[in-house]
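Structure provided below as structure tokens; questions to follow.
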Amino acid sequence: EPSDCIQDIQCIEQLSNDRPLRVALANFSPDEPNKATIVSYNFSQPLTISRALPALENCGFEVINERSWRIEVAKNQTIFSNRFRVHTLSGHAIKPALFAEVVAPGLESALLISRDNDPLNSLMLEGELNQRAVALVRAYA
């Protein structure tokens, strides 16, 4: 779809050495509010399924399927993109604004660093807590 292409270009333009991974929400429909596509854009290397699935599940999603692409954007510059069709484990609706502001940054962190990749990350989606609040809860757990 054209809107997917526009989002792809916008996210790819935001990638840099300082921010090598970007996550966005696509194909959200109010008709199926607990389902969407989570798209990752990776500047440095492909995102493996064995790294992505635990992070997505710990953030409160179940992966239905996945597709990946290698995008040549310039000479000697490759972007790797994955599209994960997901639904929420709880069955609750995905809130696109909450995803963009809270869940996406937390998911990006979990995928890049993976040291704080645990089930408490589901508090970003279900409890609407940002990464800092989840880290505080994690410190008390």
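Please say if the stretch 86-129 is rounded, prolate or oblate, where rounded means a/c under 1.5 for a ≥ b ≥ c the square roots of the C-alpha gyration tensor eigenvalues, and otherwise the choice is prolate for a/b larger than b/c and oblate otherwise?
It comes out prolate by the Cα gyration axes.
Would you kindly derive the ³J(HN,Hα) couplings of the stretch 88-95 from the backbone phi angles with the Karplus curve 6.51 cos²θ - 1.76 cosθ + 1.60 (θ = phi - 60°), listing them in order in whole Hz, with x for Gly and Pro?
6, 5, 7, x, 6, 5, 7, 9
Enumerate the amide H contacts of LEU89 below 5 Å, restricted to partners 5 or more residues apart or on another chain; note that Pro and chain-start residues carry no placed amide H.
PHE61, GLU62
If you take the square roots of the eigenvalues of the alpha-carbon gyration tensor of the chain and sort them as a ≥ b ≥ c, do you get rounded (a/c under 1.5), prolate (a/b over b/c) or oblate?
oblate
Can you give the calculated 222 nm mean residue ellipticity of the chain, where each DSSP H run of n ≥ 4 adds -39,500 (n - 2.57) and the sum is split over every residue, rounded to the nearest 500 deg cm²/dmol?
-9500 deg cm²/dmol
Can you give me the accessible area per residue for the chain, using a 1.4 Å probe, in Å²?
Here the per-residue accessible area is 57 Å².
For PHE28, list long-range residues whose amide hydrogen, built 1.01 Å from N in the peptide plane, is under 5 Å from its own amide hydrogen.
THR37
Which of the GluC sites (Glu not before Pro) found in the stretch 63-141 are in a DSSP loop and have at most 14 neighbouring Cβ atoms, other than their own, within 10 Å?
GLU128
Then there's this: Kindly express, to the nearest 10 degrees and within the range 0 to 90, the angle between helix 2-14's C-alpha long axis and the longest C-alpha principal axis of the chain.
90 degrees
Suppose every K and R has +1 on its Cβ and every D and E has -1 on its Cβ; what is the size of the dipole of the stretch 11-52 about the Cα centre, in Debye to the nearest 20?
Computed about the Cα centre, the dipole is about 160 debye.
The values are calculated or read from the model by the stated rules, or taken from the named source; none is laboratory data. Please read all numbers here as calculations on a predicted model, not as lab measurements. Virtual Cβ from ideal backbone geometry, glycine too; neighbours counted across all protein chains shown. When the accessible area is computed, the model is the full protein with side chains, heavy atoms only, and any ligands, DNA or RNA have been set aside. Shrake-Rupley method; radii C 1.70, N 1.55, O 1.52, S 1.80 Å.
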